[in-house]
Amino acid sequence: MTILDRRLNAFRTDLADSRLRGQVVAPRFEEGRAARIVLPVADMRPEPRADCGIDTQLLFGDELRVFDERGGWSWAQCVRDGYVGYVPDATIAPGEARASYLVAVPRSFAYSRDDMKSPRLEALSMGSAVEVTDFSETRGMRYAALASGGFMVASHLRPIGESAADYVAVAETLEHAPYLWGGSSGFGVDCSGLVQLSMRMAGRHVLRDTDMQERSIGEPVDPGPGHSRLRRGDLVFWKGHVAIMLDAHNVIHANGNTMLVSRETLAHAIARIAPAYGQPTSFRRP
């Protein structure tokens, strides 16, 4: 019998996703209602409590299927990566998103007018999905008008479906972003969140957590003597951690040592991590 992962399948003792009929036992099944994230970042938690740690984060414009709402929390599944958890009701609105562009830089502002000198309304992370209704120009700067209100610098946006050529180059733009356990945004990110966000901007949707990524991304690769066969874009996995190869010798990763997205040599990372978490568990080539 297959044991379903609760992070990727919506089922509880009292309620389950209707798509899981025949796979789980529950007194009630729901198809789920369409909703979308309407704040810059929404924390998703394993329990409907603000005092428990976050599993992941959802970004502005992310679509959800909501199965239950109670006590100010919605139990939902993110359409983009399948992650299941609880998000505050205040972060979502009913209905599907109608996004046409993604924020393509680590962070960017939405302004009250099409003028960078006007008051800012909010800051959005890389990967946020926005609906653009029009374009305008002020003092030579092109702006995109958002259906949600406000204006963004047009060059900070990329049409959905247009992808970066190199996911590692995307990860490099996030260097020095702060480390955040469960973080998935340009405001704060963890190791697997960095991999997921960078690959998403390069047109590749991957699962969220390190163990999921180690099982599903690419193919195993033999690192060779002294890791001589590794190349840019390869992934190095440890128990609970992942790093991205920048070249044959250096990695970039969000890590708890510097509490930043930072780069170091693979040899140094292996030696530093070994006392606490052991040697790398695998190497994979996307």
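The values are calculated or read from the model by the stated rules, or taken from the named source; none is laboratory data. Every value quoted in this text rests on a predicted model; they were computed, and no experiment measured them. No Cβ is skipped: glycine too gets one built from the backbone with ideal geometry, and neighbour counts run over all protein chains shown.
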**Message:** Residues that are at pLDDT below 95, at least 3 per element: which strands (runs of 3 or more DSSP E) completely within region 1-109 meet that?
**Reply:** none
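Does Ala123 fit the bill of being touching a residue at least 24 places away in the same chain (Cβ under 8 Å), surrounded by 22 or more Cβ atoms within 10 Å (Cβ to Cβ) and in contact with a Phe, Trp or Tyr (Cβ under 7 Å, 6 or more places away or on another chain)? Spell out the reasoning first.
Numbers: touching a residue at least 24 places away in the same chain (Cβ under 8 Å): yes; surrounded by 22 or more Cβ atoms within 10 Å (Cβ to Cβ): no; in contact with a Phe, Trp or Tyr (Cβ under 7 Å, 6 or more places away or on another chain): yes.
Spelling it out, it is not the case that Ala123 is touching a residue at least 24 places away in the same chain (Cβ under 8 Å), surrounded by 22 or more Cβ atoms within 10 Å (Cβ to Cβ) and in contact with a Phe, Trp or Tyr (Cβ under 7 Å, 6 or more places away or on another chain).
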**Asked** Within the set of pairs 6+ apart or on separate chains, which have a first residue in region 174-194 that is under 25 Å from Arg215 (Cα atoms), a second that is of a type in the set (Asp, Glu) and modelled with pLDDT of 95 or more, and C-beta atoms under 7 Å apart?
**Response** Tyr179/Asp190; Leu180/Asp190; Trp181/Asp190; Gly182/Asp55; Gly182/Asp190; Gly183/Asp190; Ser192/Asp209
**Prompt:** Quick one: how many residues across region 234-274 are closer than 20 Å to Phe187 by Cβ and of a type in the set (Gly, Ala, Ser)?
**Reply:** 3
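Does region 250-269 include one or more residues that are part of a loop (DSSP other than H, G, I, E, B), of a type in the set (Ser, Thr, Tyr) and without any contact (Cβ under 8 Å) to a residue 24 or more places away in the chain?
Start the filter on region 250-269 by keeping residues that are part of a loop (DSSP other than H, G, I, E, B), which leaves 256-259.
In the following step, the residues that additionally are of a type in the set (Ser, Thr, Tyr) were identified as 258.
Filter once more, so that each one left must be without any contact (Cβ under 8 Å) to a residue 24 or more places away in the chain: none.
No, region 250-269 contains no residue that is part of a loop (DSSP other than H, G, I, E, B), of a type in the set (Ser, Thr, Tyr) and without any contact (Cβ under 8 Å) to a residue 24 or more places away in the chain.
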**Prompt:** Can you tell me which residue in region 126-139 is surrounded by the most Cβ atoms within 10 Å (Cβ to Cβ), limited to those that are in a strand (DSSP E or B) and either within 28 Å of the chain's Cα centre (by Cα) or aromatic (Phe, Trp, Tyr) (or both)?
**Reply:** Val130
**Complete:** Counting only residues that are over 10 Å from Met152 (Cα atoms) and either surrounded by fewer than 19 Cβ atoms within 10 Å (Cβ to Cβ) or of a type in the set (A, V, I, L, M, F, W, C) (or both), region 96-120 contains a total of 12
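For region 192-236, how many residues are more than 30 Å from Pro159 (Cα to Cα) and either of a type in the set (Ser, Thr, Tyr) or surrounded by fewer than 22 Cβ atoms within 10 Å (Cβ to Cβ) (or both)?
Qualifying residue count, region 192-236: 12.
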**Item:** Residue in region 83-91 that is of a type outside the set (Val, Ile, Thr), outside the structural domain of Ser198 (by TED's automatic domain parsing) and closer than 17 Å to Gly193 by Cα present
**Value:** yes
